[in-house]
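Here's the structure we're looking at; comments come further down.
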Amino acid sequence: MSLQRYAKRRDTAESAIIQALEQAGFDVWQRDEPDLFVRKSSWAPGIVQLLEVKTGRGKKLTVALDKRQQAQRNFLEVTGTPIVRTPCEALYAVGSYCMAIQYFKRE
C-alpha cells in the first residue's frame, strides 16, 4: 500500500452540500472514499449515511475506468451509497424530505 502524496481534490459541489446538511441539523465528516459521512443525533447509535459527491453530469459515457475508479464503483454498488450532485439530492438521500423540497424551490 502506498502513501498518498498529495491532497485530494474535493468536488466543487461538496461545500454547498455540507452547508445544507449542517443547516438541516446533520453532523457531516469529510472523508476520501466515500466523500461524506452523515449522521443525525436522533438516529440510533452506529447509524451513519455515506454519500459520494460528484460535480455535474459526466459528458463522456464510455470512459475507461482505472483500477481505483472500478474499485470505488464496486464499493458504491455493494454498499448502496447514493451519489449526490446537489444539496437537494443530499437532503433527500438522508431522508430530510421537507428540507429537500425547500432547497428545490430555491434552485
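The values are calculated or read from the model by the stated rules, or taken from the named source; none is laboratory data. From a predicted model like this one, the values you see are computed outputs, not experimental measurements. Neighbour counts run over all protein chains shown; Cβ positions are idealised from the backbone, glycine included.
For residues in the stretch 18-50 being of a type in the set (Phe, Trp, Tyr) and not in a strand (DSSP E or B), which is surrounded by the fewest Cβ atoms within 10 Å (Cβ to Cβ)?
Trp43
Taking Ser15 as the residue in question, decide whether it is over 15 Å from Gly95 (Cα atoms), modelled with pLDDT of 90 or more and polar (S, T, N, Q).
Answer is yes for this residue.
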